[in-house]
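J.: Can you keep this structure in mind? I'll have questions shortly.
The values are calculated or read from the model by the stated rules, or taken from the named source; none is laboratory data. No experiment lies behind these values; they were computed from the predicted model shown. Don't worry about glycine lacking a Cβ; one is built from the backbone with ideal geometry, like all the others, and counts go over all protein chains shown. SASA here: full protein model, heavy atoms, side chains in, ligands and nucleic acids out. Shrake-Rupley method; radii C 1.70, N 1.55, O 1.52, S 1.80 Å.
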Amino acid sequence: MERVPELLEEETLDPADWASLKELGHRMLDDMFDYYQSSRQRPAWKKPSKYALNSMEHPLPQFPQEATEVYEHFFTQILPYNTENGHPRFWSWVQGGGTPLGMLADMLAAGMNANVSIGDHMPMYVEKQVIEWSKEMMGFPKTASGLLVSGASLANITALVVARNHFNKSIRKKGLQAVPAQMIVYGSAETHNCVVKGVEVIGIGSDNFRKVPVDDQYRIRVDLLRQMIREDREAGHLPFCIVGNAGTVNTGAIDPLEELAAIAQQENLWFHIDGAFGAVPKILPEFDDRLKGLELADSLSFDFHKWLYVNYEVACVLIRDAAIHREAFATAVTYLVQHERGLSGGPDPFSNYGMELSRGFKALKVWMSLKEHGIRRYQYMIRKNLRQAQYLAGLVQEEHNLELLAEVPLNIVCFRFNPGGLDDSALNIINKEILMRLQEQGIAAPSYTLLNGKYAIRAAITNHRSRLEDFDILIAQTMRIGKELIA
Ligand SMILES: *Cc1c(COP(=O)(O)O)cnc(C)c1O
């Protein structure tokens, strides 16, 4: 074969000059440690500058650029405009703030560049270890199975696929045509939207997700659930799954899980729990009562990146019956067959338990974090967040121009500024403006929701850096802006 003269065999994507890359790497580490250490000094949010935004509309790079220059771009135009969920007063949506060791673990994982799908290598065993620990934390039996995925959204879909394929063993081959009637999923009206999306993705259709009304504490009405199941059966439909909430996204409501488990058993339905963040207090003995029933689910989703503070992204799905889990996804193609020996030996491939074949080594940051802190320190941090939520709710109740809009069973506090004499639509406008100014002035970053048509400022406290004084600041500044607005 003719050699193309200008192609050098020695050329790789590794650096030509290792020394300068090492120097750059050390600078990156120092910069990121400084970034973590200075989180309290930064604004809670900063709008990306025009310059930074323009720098993301460049043409496709054609020629090599120095790594130091590329890093400079990151350091000056990307890092300063982060989402800032590591800030002590970030309480938007439900996001954890990550840790420095989590960051380092992700660096090590990226360095190993392991594809954790198949093979006899340690990253496979690390993920298995993390799943064993997850079962123990959540009270699942040792015989259960599990998988790490990107987030609770994917964990929920994975569980729904297992439930669906278990319901009718022909679905994998024939699709939903194998099912003679319409399959139905039940969950409260407060169920996270990703479950409804999951129901769409697995071919059931969102019309067939029954949004069961909630009580005044935003928990599923089990009497109405029973009634809906009965009506659906009478109409010839096929109920197959109940989704319970351990911590709803709006208010942190916990459905009566034990009752749901009993109904699922009586009705022969799959019982899944979305415990994205609210399953986490299962590690606190004082939550034994409130989370009773969690351990009875057929499947459970929870996030490590929310209330376990692990760096994005990583969540876990647990399935009580490992054989049913495997049956839902396992394939026997020749190029993925596990061998007795050699590189293709080792554990049952993870690709037999989920949709993804190529998978990163996200288990490492979980493994390192759980070892670094131990369950004892997680218990401490979660208790701290729970106490902070009660403290914030107390501040709201003491201030007669503020109104608490929902009970606070967990770590989510919904409130609004309400000086009296204004109707909901006026209050909605004012409270949205308060929220915008809290964020734009870099004071704090709570988020929002609508509760019975009322615009709520919503703080979801999954933040290990928050202190009580941060909630004093939130309330004082909310009052200041509120008074400015009505003046
Ligand atoms: C955040 C959340 C989800 C989605 O989880 P991701 O990790 O963002 O995919 C699902 N359910 C609840 C209750 C949540 O709070």
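J.: Checking the conditions here, which among PRO409, PRO349 is closer than 30 Å to GLY198 by Cβ and in contact with a Gly (Cβ under 6 Å, 6 or more places away or on another chain)?
T.: PRO409
J.: If you take the residues of segment 234-273 that are assigned to a loop (DSSP other than H, G, I, E, B) and open to solvent by 30 Å² or more (accessible area, probe 1.4 Å), which of them is nearest to the ligand (Cβ to nearest atom)?
T.: VAL249
J.: Further question: Select from segment 107-140 the residues that are out of contact with any strand residue (DSSP E or B) (no Cβ under 6 Å at 6 or more places or on another chain), among the hydrophobic types (A, V, I, L, M, F, W, C) and over 21 Å from GLU313 (Cβ atoms) and list them in ascending order.
T.: ILE118, MET122
J.: Considering SER466, SER447, which residue is out of contact with any strand residue (DSSP E or B) (no Cβ under 7 Å at 6 or more places or on another chain) and polar (S, T, N, Q)?
T.: SER466
J.: While we're on this one: Would you please name the residue that is nearest to the ligand (Cβ to nearest atom), looking only at residues in segment 277-310 that are in a loop (DSSP other than H, G, I, E, B) and touching a Lys or Arg at 6+ places or on another chain (Cβ under 6 Å)?
T.: Here the answer is PHE277.
J.: Take the residues in segment 29-61 that are touching a Gly at 6+ places or on another chain (Cβ under 9 Å) and among the small types (Gly, Ala, Ser), then tell me which one is nearest to MET107 (Cα to Cα).
T.: For segment 29-61, the residue satisfying everything is SER39.
J.: Which residues, taken from segment 385-418, are farther than 23 Å from ASP215 by Cα and open to solvent by 40 Å² or more (accessible area, probe 1.4 Å)?
T.: ARG387, TYR391, GLU398, GLU399, HIS400
J.: Residues in segment 445-452: is at least one part of a helix (DSSP H, G or I) and open to solvent by 40 Å² or more (accessible area, probe 1.4 Å)?
T.: no
J.: Test each condition in (1) within 16 Å of the ligand (Cβ to nearest atom); (2) within 29 Å of GLU231 (Cβ to Cβ) for ALA163 and report the one that comes out false.
T.: Exception for ALA163: condition (1).
J.: When you scan segment 178-193, do you find a residue that is within 15 Å of the ligand (Cβ to nearest atom), open to solvent by 50 Å² or more (accessible area, probe 1.4 Å) and touching a Leu at 6+ places or on another chain (Cβ under 9 Å), even just one?
T.: Within segment 178-193 (the criterion being within 15 Å of the ligand (Cβ to nearest atom), open to solvent by 50 Å² or more (accessible area, probe 1.4 Å) and touching a Leu at 6+ places or on another chain (Cβ under 9 Å)), the answer is no, since none of the residues qualifies.
J.: Among the residues of segment 292-315, which ones are hydroxyl-bearing (Ser, Thr, Tyr) and in contact with a strand residue (DSSP E or B) (Cβ under 8 Å, 6 or more places away or on another chain)?
T.: Listed by number, the residues that qualify are SER299, SER301.
J.: Which residues, taken from segment 311-329, are within 26 Å of GLY175 (Cβ to Cβ) and either open to solvent by 20 Å² or more (accessible area, probe 1.4 Å) or within 16 Å of the ligand (Cβ to nearest atom) (or both)?
T.: Across segment 311-329, the qualifying residues are VAL317, ARG320, ASP321, ALA322, ALA323, ILE324, ARG326, GLU327, PHE329.
J.: While we're on this one: Kindly indicate which of ALA246, ALA262 is of a type outside the set (D, E, K, R) and free of Cβ contacts under 8 Å to residues at least 24 places away in the same chain.
T.: Sole residue among the options that is of a type outside the set (D, E, K, R) and free of Cβ contacts under 8 Å to residues at least 24 places away in the same chain: ALA262.
J.: Might you let me know whether segment 317-329 holds any residue that is part of a loop (DSSP other than H, G, I, E, B) and not assigned by TED's automatic domain parsing to the domain that holds ASN165?
T.: No - not one qualifying residue is present in segment 317-329.
J.: Could you list, in sequence order, all residues of segment 342-370 that are among the hydrophobic types (A, V, I, L, M, F, W, C) and closer than 11 Å to MET124 by Cα?
T.: Across segment 342-370, the qualifying residues are PHE350, PHE361, ALA363, LEU364.
J.: With the condition kept exactly as written, say whether any residue in segment 207-217 is aliphatic (A, V, I, L, M) and open to solvent by less than 10 Å² (accessible area, probe 1.4 Å).
T.: Taking every residue of segment 207-217 in turn, at least one turns out to be aliphatic (A, V, I, L, M) and open to solvent by less than 10 Å² (accessible area, probe 1.4 Å).
J.: Consider ILE382 carefully, then state whether it is crowded, with 18+ Cβ neighbours inside 10 Å and either assigned by TED's automatic domain parsing to the domain that holds ALA152 or within 18 Å of SER134 (Cα to Cα) (or both).
T.: Yes.
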